[in-house]
1. Skipping prolines and chain starts, which residues have an amide H placed within reach, meaning under 5 Å, of the one on Ile49, given they are 5 or more residues away or on another chain?
2. Each residue of segment 38-44 in turn: what ³J(HN,Hα) in whole Hz from Karplus with 6.51, -1.76, 1.60 and θ = phi - 60°, glycine and Pro shown as x?
3. Less than 13 Å Cβ to Cβ from Val105, Lys/Arg counted +1 and Asp/Glu -1: what total charge do the surrounding residues give?
Amino acid sequence: MSNNVHRPTFIGIHARDPSTRVLYMSSGCRQAMGFTPSYIVSKRAHDFIADPYQDDYSTIYESKGDEEDTEADEANAYVMYMNIKTAEGGPVLHRITTFKCDNCVIVIAMAFPELPYQNRHELEVQMLD
């Protein structure tokens, strides 16, 4: 007896600036969100967030303090849960793992469509080293 559940998963890359412009989207977004990659590319990633903190999303990737400070303890990988808008108009909970690069953010997202909608009032981010 297997407990394996197929979870729609996709990879995306967006700009690491307030625009969060999508630069790349894998084909898995079609099953996870209902959108084609060509529809999503060039749009703003934060426009697909269905939670009230969507405008604050890009701030987690801002540099903290002096860029030359090698002692800065700044994470490069983050894990968070957020509701993502789908093509059908409803939100679906996703587990998001992101990797901060110099000019972009690499996103690996896994959908949990079987879970009921629950309003996530604040962005809860776990930083990984």
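1. Lys85
2. Values per residue, Gly and Pro as x: 5, 5, 7, 4, 6, 7, 8 Hz.
3. Counting the neighbours of Val105, the net charge comes to +1.
Each reported figure results from applying straightforward, stated rules to the coordinates on display, with no laboratory input. Every value quoted in this text rests on a predicted model; they were computed, and no experiment measured them. Every residue, glycine as well, gets a Cβ built from its backbone with ideal geometry; the counts of neighbours run over all protein chains shown.
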